[in-house]
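Peer 1: Structure incoming, see below.
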Amino acid sequence: MLLLSRFEVSGHSMVPSLLPGDEILVSSIPYLFKSPRLNEIVLLSDPHSKKRMLKRIEQIDGDRLYVKGDNPSDSHDSRHFGWVLRRFIIGKMIYKLS
Amino acid sequence: MVGLFKKLFTLLPHHIAYAHCDIPCGIYDPYYAQVAGHTVLRMTNLILDRKASGGNPPFQERKEIIHDISRFTKVKEEHAEILKHEIRVIWGDYFKEEHIKEYPHLHELVFSIMKLASKARQEIDIETANELLEKVQEFSEIFLKTKGVTPIRVPSLYPTGLDMVVYSK
């Protein structure tokens with residue numbers, strides 16, 4: 001669980017919302033009290049590589065989420081690895097520092 | 001006040017969050033598949049054009065013919081495989097569902113490229129090599145359209161005398 005952590009964005013899949021080098025704050029706390037909602041940017045664990053990645057929630061089906069990058073022509077997301085179980089969501093992006 | 005909070009937040013431990021596509025990051029180009037297609041066609045032509053001086057050529061000439069045909073065949077084999085690899089990577093890694101919706105025959109096109117490339121390896125057939133190149137050009141045009149540019153065919157300047165698909169903005 002992440003109380004509050006600072007992350008630097010690496011890569012282009014969330015352009016234009018997040019640029020490489022942007023700093024953001026991520027926390028697990030919001031999802032203790034409510035479920036993830038559409039259009040929220042989440043930090044998740046890639047089901048395959050286990051890397052922590054940032055994506056936007058595009059669809060929700062029970063405890064499964066369909067996530068996608070804001071730059072779809074340059075994003076590795078649910079179109080490739082499919083729906084993601086809720087347990088793979090680490091936290092919600094709550095603030096962009098830069 | 002906001003500035004103070006921001007400064008406080010920068011004291012938090014720093015991590016990396018990946019927003020990557022895949023590796024290599026968005027760098028795809030059907031250029032190499034086209035070059036390989038031209039090479040397969042050129043090698044097929046060279047094999048067919050290599051003739052003996054008569055019905056029973058001397059040993060030295062036979063050695064030279066075997067040598068040349070071996071080289072042409074080796075390069076034809078290699079480039080047919082390069083072509084298949086390049087097309088597979090773009091098809092598997094670059095193209096996504098929304099592209100398939102727009103170009104529903106893409107899977108069929110890739111399948112036919114794979115089959116033609118194998119046939120071009122197995123046989124010495126100009127028609128197959130030409131058809132293979134034509135399909136790769138069609139694939140290249142679809143790729144470029146998904147990039148929002150207009151594909152055009154220009155003379156390749158290769159000995160095949162056929163075109164390369166490039167784009168104009």
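What follows draws every value from the coordinates through simple rules; no lab data is involved. Keep in mind that what you see is a predicted model, and the values were worked out from it rather than measured. Counting neighbours? That spans all protein chains shown, and the Cβs are built from the backbone with ideal geometry, glycine included.
Peer 1: Using every Cα-Cα pair within the stretch A:5-96, state what percent have a distance larger than 19 Å.
Peer 2: Here the long-distance tail beyond 19 Å is 31 percent of all Cα pairs in the stretch A:5-96.
Peer 1: Please give the calculated 222 nm ellipticity per residue for the protein assembly as shown, where each DSSP H segment of at least 4 residues contributes -39500 (n - 2.57) and the sum is spread over every residue; nearest 500 deg cm²/dmol?
Peer 2: Roughly -13000 deg cm²/dmol at 222 nm, from the helical runs in the protein assembly as shown.
Peer 1: A further question follows. Note down the nm distance, to one decimal, between modelled labels 7 Å out along Cα→Cβ at B:Ala52 and at A:Tyr95.
Peer 2: 8.5
Peer 1: On to the next question. When Lys and Arg each count +1 and Asp and Glu each count -1, what net charge do the other residues less than 13 Å away from B:Glu77, Cβ to Cβ, add up to?
Peer 2: +3
Peer 1: Can you list the HN-Hα couplings for the stretch B:35-48, worked out from phi with the Karplus curve (6.51, -1.76, 1.60; θ = phi - 60°), rounded to whole Hz and with x for Gly and Pro?
Peer 2: So the Karplus estimates, Gly and Pro as x, are 4, 5, x, 4, 5, 4, 5, 5, 5, 4, 4, 5, 4, 5 Hz.
Peer 1: Exactly which GluC sites (Glu not before Pro) in the stretch B:42-134 are in a DSSP loop and have at most 15 other Cβ atoms within 10 Å?
Peer 2: B:Glu123
Peer 1: Ignore the peptide's own chain and count Cβ atoms of other chains within 10 Å of each Cβ in A:7-14; give me the average, rounded.
Peer 2: Mean inter-chain Cβ contacts per residue within 10 Å come to 6.
Peer 1: Could you please tell me the mean projected area of the C-alpha convex hull for the stretch B:88-129, averaged over all directions and given in square nanometres to one decimal?
Peer 2: Answer in nm², one decimal: 3.2.
Peer 1: If you don't mind, another one. Please identify, among B:Ala129, B:Ala17, B:Ala80, the residue showing maximal mean-square fluctuation in a Gaussian network model of chain B using a 10 angstrom Cα cutoff.
Peer 2: Of B:Ala129, B:Ala17, B:Ala80, the Gaussian network model singles out B:Ala17 as fluctuating most.
Peer 1: Still on this structure: Rounding to the nearest 20 debye, state how big the charge dipole of the protein assembly as shown is about its Cα centre with +1 on each Lys and Arg Cβ and -1 on each Asp and Glu Cβ.
Peer 2: It works out to roughly 1020 debye.
Peer 1: May I ask what percent, to the nearest 5, of DSSP beta bridges between residues of the protein assembly as shown are antiparallel?
Peer 2: Roughly 85 percent of the DSSP beta bridges within the protein assembly as shown come out antiparallel.
Peer 1: With a sphere of radius 11 Å drawn around the Cβ of B:Arg153, what net charge do the other residues whose Cβ falls strictly inside it have (Lys, Arg +1; Asp, Glu -1)?
Peer 2: Surrounding charge for B:Arg153 is -4.
Peer 1: While we're looking at this one, here's another question. For the protein assembly as shown, report the % of Cα-Cα distances exceeding 35 Å.
Peer 2: Taking all Cα-Cα pairs of the protein assembly as shown, the fraction more than 35 Å apart is 40 percent.
Peer 1: Which residue, B:Pro104, B:Pro151, B:Pro57, has the most motion in a Gaussian network model of chain B that connects Cα atoms within less than 10 Å?
Peer 2: The residue with the greatest mean-square fluctuation here is B:Pro57.
Peer 1: When we measure straight from the Cα of A:Lys96, which lysines land under 16 angstrom away, once same-chain ones fewer than 8 places off are left out?
Peer 2: Leaving aside lysines fewer than 8 places away in the same chain, those within reach of A:Lys96 are A:Lys55, B:Lys6, B:Lys7.
Peer 1: Something else: Quick one: plug the Kirkwood hydrodynamic radius of the stretch B:38-168 (C-alpha pairs) into Stokes-Einstein at 25 °C, 0.890 mPa s, and report D in µm²/s.
Peer 2: 151
Peer 1: Taking amide H positions as placed in the peptide plane 1.01 Å from N, state which residues far from A:Asp22 in sequence (5 or more) or on other chains have amide H under 5 Å from it.
Peer 2: A:Val9
Peer 1: Given H placed 1.01 Å from N in the peptide plane, which residues other than close sequence neighbours of A:Lys55 have an amide H under 5 Å from its amide H?
Peer 2: Residues meeting the criterion, in which the H sits 1.01 Å from N, are A:Val42, A:Leu44.
Peer 1: Additional query: May I ask you to sort B:Thr146, B:Thr10 by Cβ crowding, counting other Cβ atoms within 10 Å and putting the fewest first?
Peer 2: B:Thr10, B:Thr146
Peer 1: Mind checking which aspartates and glutamates have their Cα closer than 15 Å to the Cα of B:Lys51? Skip sequence neighbours fewer than 8 apart in that chain.
Peer 2: B:Glu61, B:Glu64, B:Asp68
Peer 1: What net charge is computed for the residues neighbouring B:Ile65, neighbours being all others with C-beta under 14 Å from the C-beta of B:Ile65, Lys and Arg scored +1, Asp and Glu -1?
Peer 2: So the environment of B:Ile65 carries a net charge of +1.
Peer 1: Of B:Ser140, B:Ser70, how do they rank once you tally other Cβ atoms within 10 Å and put the fewest first?
Peer 2: B:Ser70, B:Ser140
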